[in-house]
Amino acid sequence: AAKQQGRNRAVVYTPAMRQVVAERVALNRAMIAALADDEIIPFYQPKVSLTTGRIAGLEALVRWRRSPHNVLSPSAFEAALTDPELAVMIGERMVRRVSSDVRGWIEAGYDCGRVAINLSPAQFTHRDLASTLLRQFHAAGVEPSHFDVEITETVFLGRSSDHVAPILDDLYRAGVRIALDDFGTGYAGLIHLKQLPIDTIKIDQSFVKDIESDAFDTAIVCAVIELGRNLGMKVVAEGLETVGQARFLWEKGCELAQGFLFFRPLGDVDMTEVLRSEDDAAAAARLAMFLPD
Ligand code: C2E
Ligand code: MG
Ligand code: MG
Ligand code: MG
């Protein structure tokens, strides 16, 4: 804003602005230390098939583990994920750790499905984002076809929106699949479904929450499920917390779901244990939670 006011005008910092700048500087410093201390780690949340009960894939979610019992979610360090430099550093760390976990699971013979990595708009400022990701997968010795990337509609609003299509095309050609996250909450993008290689639509939790009681939410969710079916895209419902929600989505033909009902996001050790013990009985038990007898 200061720049837009003209070059000859002195910029007056108010105490509030000073505070914002000071907080930014402090967060930057803390985040760089956290990266150096290996405190930035992935948690994983399985995506469950509502038809088989099986784990169909995982989503990697960034966490800041300040100590074993103080693990922060991204809302606590959102400013870092929107800062162009820190977002890239955090993104590269996540990809490195996730690739190495995936490699370990493959070597152990565990089926983790595709593992999704969330990308923030700030990472799209770099036109070489696709080649950076592919190089990291290659370095870890894992095929790109083991990964999804999740983007939100906000990437199309950013200054680097021109980069989005070529980056996604490059990833798609290499075998990475693309999911549109938080669908319907941002800048509505049916045109993006047409123009970009989108494989999966994720229905935001805000539409799922009251799905049984709110006619508006029911209509939206049913329309998105139908849209996905007609376009040949997968649909994932996010944030399932109740048996009622699961049964409702299953009745409507929603194929995949994610939420605390099935799994909370898990650290790598717990995730490995879930994958190790995954079998027909575990899948059947998940179905039995919500299927009518
Ligand atoms: P998202 O990608 O839409 O992730 C879903 C969020 O919903 C996650 O929050 C997850 O923990 C939470 N969630 C899952 N099931 C339930 C449920 O049943 N109930 C409730 N109340 N919440 C549920 P989280 O991990 O705090 O992540 C929030 C957002 O931060 C993500 O939204 C994503 O946009 C962003 N994010 C997470 N990890 C990364 C990352 O590695 N890189 C980037 N750039 N962004 C990330
Ligand atoms: Mg996501
Ligand atoms: Mg989401
Ligand atoms: Mg979200």
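Data for the structure
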| read-out | value |
| --- | --- |
| Count - residues of segment 229-248 that are within 22 Å of the chain's Cα centre (by Cα) and either within 15 Å of ligand 3 (Cβ to nearest atom) or over 22 Å from LEU190 (Cα atoms) (or both) | 11 |
| Count of segment 273-293 residues which are touching a strand residue (DSSP E or B) at 6+ places or on another chain (Cβ under 9 Å) and farther than 22 Å from GLN245 by Cα | 4 |
| Scan of segment 165-190 for residues that are assigned to a loop (DSSP other than H, G, I, E, B), more than 16 Å from ligand 3 (Cβ to nearest atom) and not hydrophobic (A, V, I, L, M, F, W, C), ordered by number | GLY175 |
| Residue under evaluation GLY53, criteria (1) part of a loop (DSSP other than H, G, I, E, B); (2) touching a residue at least 60 places away in the same chain (Cβ under 8 Å); (3) open to solvent by 10 Å² or more (accessible area, probe 1.4 Å), criterion not met | (3) |
| Within segment 170-190, considering residues that are farther than 23 Å from LEU129 by Cα and open to solvent by 80 Å² or more (accessible area, probe 1.4 Å), the one farthest from ligand 4 (Cβ to nearest atom) | LEU190 |
| Checking VAL142 against (1) within 16 Å of ligand 3 (Cβ to nearest atom); (2) touching a residue at least 40 places away in the same chain (Cβ under 8 Å); (3) assigned to a loop (DSSP other than H, G, I, E, B), the condition it does not meet | (1) |
| Of all residues in segment 59-71 being of a type in the set (A, V, I, L, M) and out of contact with any Lys or Arg (no Cβ under 7 Å at 6 or more places or on another chain), the one that is nearest to ligand 2 (Cβ to nearest atom) | LEU61 |
| Those residues of segment 81-123 which are surrounded by fewer than 16 Cβ atoms within 10 Å (Cβ to Cβ), of a type in the set (Asp, Glu) and more than 16 Å from the chain's Cα centre (by Cα), in sequence order | GLU85, GLU107, ASP111 |
| Single residue of segment 191-217 satisfying the filter (open to solvent by 50 Å² or more (accessible area, probe 1.4 Å) and not in a helix (DSSP H, G or I)) that is nearest to ligand 3 (Cβ to nearest atom) | LYS209 |
| Cβ-Cβ under 8 Å pairs, at least 6 apart or on other chains, segment 28-43 side among the charged types (D, E, K, R), far side assigned to a strand (DSSP E or B) | GLU39/TRP64; GLU39/ARG65; GLU39/ARG66 |
| Residues that are away from ligand 4 (no atom under 16 Å from the Cβ), farther than 29 Å from GLY175 by Cβ and not in a helix (DSSP H, G or I), drawn from segment 73-119 | ASP83 |
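The values are calculated or read from the model by the stated rules, or taken from the named source; none is laboratory data. Since this is a predicted model, take the numbers as computed values, not measurements. All Cβ positions, glycine included, derive from the backbone under ideal geometry; neighbour counts span all protein chains shown. Keep in mind that these areas ignore ligands, DNA and RNA; they rest on the heavy atoms of the full protein, side chains included. Shrake-Rupley method; radii C 1.70, N 1.55, O 1.52, S 1.80 Å.
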